[in-house]
Structures are given as structure tokens and as C-alpha cells.
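Read through the structure below, which is laid out as C-alpha cells, and then see the notes.
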Amino acid sequence: MNAPVIDVEGLRKRYGDTEALAGVDLAVPAGGVCAVLGPNGAGKTTLVRILTTLLRADAGTARVAGHDVRRHPERVRADIGLVGQRTAVDEVLGGRQNLILFGRLHHLCPARARARADALLARFGLTDAATRPVRTYSGGMRRRLDLAAALIVDPPVLFLDEPTTGLDPRARGDVWDAVRALVADGTTVLLTTQYLEEADQLADSVRVVDHGRIVAAGSPDQLKSALGGDRVDVVPRHPGDLTRAAEVIGAATGGPARVDVDRTRVSVAVTDRVATLTTVLRALDDAGLAAADVAVRRPTLDEVFLRLTADREQVPA
């Protein structure tokens, strides 16, 4: 069997009285995207910093691309790329100048650095802006340049630590497209994010971290299914009917109806989508209750995340 590209066992890290990582185990196979989700202070960035040799663990072992991060950090750094929460490019230099600089820092010869820069600019749709100072780039363009810089030596493993924080939806979509292209070319990606939609869009597997521990693991679909399957959502036309609608729906389906006051919504779990939807609509009509919206949907990754971290005390970033 092929060894995991990222292989972590019993990883621990403490800052004073705070245990940032409390025995994390993680195995990421080659190819695809593994997303690490968690609230602020859960240990996501600490994990990435250890795996990229920027921080030493107190205990446990970690191997990346076959190399032990403690014993052979230089070998790890040769086989990884890292895009952190803040852009690493120089805003005074142009995009091409930045990439050539990164290439030279990675000991590429001048000709190879220039060729690699041009290839990456084309790959990330930045050729037309290659000579412009980076300070004139949009947020999405800077992030794409950051990705290009992380790939200057074409590493097999790429770490993305909340790469789309602060970007607008269009720019975020541009970064997602770039990540998908990298994965299609064979790159293994470890992504930390607080955008649940981002993990849903990109990840093949998800790890939910809370209080320095992995509290859930699986594909996005597996985690959603574990929450309880499909639901019927009903939004009453008149907000004052919310409680009455919940009573009617609960009685008709024989199951508990959950009330979301903020969204003026009643939800009930379903096993048979069509039958339950028909039952709910008939019961509302018989009770003289009008619905503004009725929908059958699966749980979202946001709901999984909130359920798994519901009892967590707020911890600052």
C-alpha cells in the first residue's frame, strides 16, 4: 500500500497553559484536497506550521512527502509549497519579478527562473499583468500570484492556510479554480479554512479540529449524512405562524420539528423525501397555514461544523 503523503501521529503542542494540539493523528493520501476545519484557536495554523517546519512539536511524529519534519526539515521544505494567511509577495515588484525572485531563492538558474515565472503567469492567468506592480493587483490576483510563488519548484504537496480570507466571492472563485487545476495536475493539498462552503467545494476529505483534537473525519457527504439525512424546511408566510406550523408539522410527521427563529423556518428530518413533503403540505393546508417557501435539502457542512463545535467556548484567534 502507498504511504500517506502527510502522516501525523500523536502530534502535541502547548503554549503555556494552552494545549494547541492535543494528540492529532492525520493521514492524507496522494492527490486531492484534505480540508481542516475548526473555530479560531482550534489548532489549524499550529498544525500547518509544524508540518511546514516553521514550528517544532512538543511530542508526536509527522512525515511529509516521506520526510520526517523534525529530522529532515530541509527535505520537507524542498517538497512543499505554502500559502499563508497573508500574501508573501513584494508589492513594489511586478508579478514576473516576484516569481523570478522566488525562483532564484530556490536556487534556480536565471534562465530557469525566468522560464518558470512565465509558465506560472500563464497558468494562473496573470500574463497581461506580469509587469505591473503587485500593489495594483486585485485581492484575487494577489492570491493567485501567491499560489504561483508557492509552486515555483512544482512541489508535490501544497499547504493553504485560509487562502481566501477577506476575498470577495468572485476572487474566491478564482482561487478555487486555481486549486482545482493544481489537483488535476497531481498536487496534494492540505487546506485550512473557516469558509465551510470552501471545504464543500474543494475537499475530498474533511477533518474537524476542536480544542486541539480531531473530532470528526470523513468526506463532506459522509459528515452531512452523519448529521441525520435529508430535511424538509418550511418558511411560513406569516412569521407569527412559526410555532403553530412546528406543532402541525411535528404532529403530521411523528417526529420533532426544529424551529429556527432567526430564519423563520421549521425543519423536520425525513426518510422518504416525497412522502414527507406531501404529508407536510397537506397538513399545512388542512390547518389553514400558508407557506412562503418549502424545500427538501440535505444538511450543510455549516450545520455539521456547528453541531460538532456547539459546546466550545469562544477562543480568540
- Descending packing, highest mean Cβ count within 10 Å first, for 292-298, 18-24 is 18-24, 292-298
- Note on the structure: Under a Gaussian network model of the chain whose springs join Cα atoms within less than 10 Å, the largest fluctuation of 136, 192, 87 belongs to 136
- Query: Residues with amide H under 5 Å of residue 291's amide H, sequence separation 5 or more or different chain, H placed in the peptide plane at 1.01 Å from N; which?
  - Reply: 237
- Using θ = phi - 60° and the Karplus relation 6.51 cos²θ - 1.76 cosθ + 1.60, list the HN-Hα couplings for the stretch 26-43 in order, rounded to whole Hz, with x at every Gly or Pro. 7, 10, 10, x, 5, x, x, 10, 10, 9, 10, 10, x, x, 4, x, 6, x
- Table column - 3J(HN,Hα) (Hz), the stretch 182-196, Karplus curve with 6.51, -1.76, 1.60, x for Gly and Pro: 5, 5, 4, 8, x, 6, 8, 10, 10, 10, 9, 7, 10, 8, 5
- Accessible surface of residue 243 - all protein chains present, 1.4 Å probe, nearest 10 Å²: 90
- Computed over the chain: longest principal axis from alpha-carbon atoms vs helix 273-286 long axis, angle to nearest 10 degrees, is 40
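Report, in deg cm²/dmol and to the nearest 500, the calculated mean residue ellipticity at 222 nm for the chain, where each DSSP H run with n ≥ 4 adds -39500 (n - 2.57) and the sum is divided by the residue count. Could the numbers behind the result be given before it?
Numbers: 11 runs with 115 residues, N = 317.
Helix contribution divided over all residues of the chain: -11000 deg cm²/dmol.
The values are calculated or read from the model by the stated rules, or taken from the named source; none is laboratory data. It should be emphasised that the depicted structure is a prediction, and the values quoted were computed from it without experimental measurement. Don't worry about glycine lacking a Cβ; one is built from the backbone with ideal geometry, like all the others, and counts go over all protein chains shown. To get the accessible areas, we keep the full protein, side chains included, count just its heavy atoms, and leave off ligands, DNA and RNA. Shrake-Rupley method; radii C 1.70, N 1.55, O 1.52, S 1.80 Å.
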